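The values are calculated or read from the model by the stated rules, or taken from the named source; none is laboratory data. Just so we're clear, the structure is a prediction, and the values are computed from it rather than from any experiment. Glycine gets a Cβ as well: all are built from the backbone with ideal geometry, and neighbour counts include every protein chain shown. For accessibility, only protein heavy atoms count, side chains too; no ligands or nucleic acids. Shrake-Rupley method; radii C 1.70, N 1.55, O 1.52, S 1.80 Å.
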Amino acid sequence: MQNKEGHYEKALIVYERMLALEMDQVQRANIQKRIGDSCLDMSRQKNDPSVCERAIAAYDEALITFSQQSHPIARAKVMIGLGSAYAALADHKGRAKNLKQAAVCWEEALPFFTPSDAPKEHASIQNDLGSTYRKLAELESREENGKKAIAACKASLSALNPINSPLQFAAAKAFLASSYLAAGVSANPEYHERLCKDAISAYQEAIELYSQAKSPLPLQIAALKNNLAIAFLSHSESRDREANCRLALDACRDALDTRTEKEHPLAYAATQNNLASAYLALAEEAGKGEGEAEAEAEEEIEECCRQALEACNNALRIYSRQESARFYATAQNNLANVYLTLGKLRQKAENRAENCLRAILAAQKALEALTLEDSPEDYGEAQGILWMAYLNLAEIEYPSENSALALDACEQRLHSYRVWQAHPLQIASCCKDLAMTA
């Protein structure tokens, strides 16, 4: 990676020196585009928002010369790179704003790369649009952006021939699957179940295509197995909870055969987060027993929590608040949920207050890494954990103070639900929780 960064830095130095030479505006604009392209390549190797901003500045300089009237094709190519630079910057800051800018760039470029004349380029842009609208759906206008994401991914698939371009077709299938999942988050239960099934099917088709390639691509297959686990977990919310959770566990384990901590640390940590979520869901399902069944389930719940705790710690060994804020927050939320679950066990009643305090600390760490604007759903989850932890703690000590803190957290959770436009039933349930807390 360092060698690649050094190569890009050397190229940038050469390009900067060339700009000092006498040349016409078109040549100068082409060099600015090359600077933007090099910075964009560097941003994929280096976790630094300033590199993305440098790419954007260079592309903007190129666009001064490449107007829609004088150089439409050259401008369209610059707009593709500019869109990618804004999308990369969105991973660091101004998530919604920069994602919208990326979409604007790609929408402008798209008409110059038609399915008939440039099918692969058309499909690539549509995939990028699908990914961007999917991410925007997590922040605002979920239904509208979810539909746009699905439409873009379907347009990408329609431009491709699975026989001539099997790998690109597989990638488009994967983008479509992720779009289905994003659209399903706040959908009504029936629609949610159908979208989850569509996502699972699309991921499985993509895995099959990658597996059948002349040279199988283990990293891509592992990434799809990781995403397949997310789809199974989402499906478990509406049907066959235990069976889908176990399928998610299997998918995570398959992914971890390739996504090792030493060779692919960030990918490894992402799958560990999903592993923790699956074990937590299994613990929740085991906790639904009554009477004797409830007592027998406690050992299973404790074992699931132990496995989830190990997965959370594995993820947090990789993620830092500074470099991977959102993923770090997800791991902290999972960790907090583990402690909440442990706090409910009768066999661990003497540790209930301690587990509540541990849950509160982890949720607070998650909130330190999140903003309501950039991560409303994760922010709301952390507030929901605080609400439950303070409410449980109020039954043990300082009832007035802890109930007030629970009420404040529940109000913040409700606000986040409204920001990311949760399903009306979710908002109604949160309103009920708020009323009961009050």
Original post:
Restricting attention to the stretch 28-50, does a residue exist that is surrounded by fewer than 21 Cβ atoms within 10 Å (Cβ to Cβ), assigned to a helix (DSSP H, G or I), acidic (D, E) and in contact with a helix residue (DSSP H, G or I) (Cβ under 8 Å, 6 or more places away or on another chain)?
Top reply: yes
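What's the total number of residues in the stretch 293-338 that are farther than 30 Å from S50 by Cα and either aliphatic (A, V, I, L, M) or not in a helix (DSSP H, G or I) (or both)?
Filtering the stretch 293-338 for residues farther than 30 Å from S50 by Cα gives 293-313, 334-338.
Those left that are additionally either aliphatic (A, V, I, L, M) or not in a helix (DSSP H, G or I) (or both): 293, 295, 297, 301, 308-309, 311, 335-336, 338.
Number of matching residues: 10.
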Original post:
If the Cβ limit is 7 Å and pairs must be 6+ apart or interchain, which residue in the stretch 175-189 that is at positive phi and modelled with pLDDT under 95 pairs with which residue that is aliphatic (A, V, I, L, M) and not in a helix (DSSP H, G or I)?
Top reply: none
Subject >> Members of the stretch 62-76 found to be out of contact with any Phe, Trp or Tyr (no Cβ under 8 Å at 6 or more places or on another chain) and either crowded, with 19+ Cβ neighbours inside 10 Å or of a type in the set (A, V, I, L, M, F, W, C) (or both), listed by number >> reply: A62, L63, I64, T65, F66
Subject >> Filter result for N351 (assigned to a helix (DSSP H, G or I), open to solvent by 40 Å² or more (accessible area, probe 1.4 Å) and of a type outside the set (K, R)) >> reply: yes
Original post:
What is the one condition in (1) without any contact (Cβ under 8 Å) to a residue 24 or more places away in the chain; (2) of a type outside the set (F, W, Y); (3) buried (at least 16 other Cβ atoms within 10 Å of the Cβ) that C105 does not satisfy?
Top reply: (1)
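Q168: under 20 Å from K120 (Cα atoms), touching a residue at least 24 places away in the same chain (Cβ under 8 Å) and more than 19 Å from the chain's Cα centre (by Cα), yes or no?
On the way: under 20 Å from K120 (Cα atoms): yes; touching a residue at least 24 places away in the same chain (Cβ under 8 Å): yes; more than 19 Å from the chain's Cα centre (by Cα): yes.
Against the criterion (under 20 Å from K120 (Cα atoms), touching a residue at least 24 places away in the same chain (Cβ under 8 Å) and more than 19 Å from the chain's Cα centre (by Cα)), Q168 qualifies.
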Original post:
Here are some residues: A159, A199, A213. Which one is aliphatic (A, V, I, L, M) and either within 30 Å of P376 (Cβ to Cβ) or within 21 Å of the chain's Cα centre (by Cα) (or both)?
Top reply: A199
Original post:
Out of (1) under 18 Å from Q101 (Cβ atoms); (2) part of a loop (DSSP other than H, G, I, E, B); (3) not aromatic (F, W, Y), what's the single condition that is false for G81?
Top reply: (2)
Subject >> Subset of the stretch 51-61 (residues that are among the basic types (K, R) and surrounded by 21 or more Cβ atoms within 10 Å (Cβ to Cβ)) >> reply: none
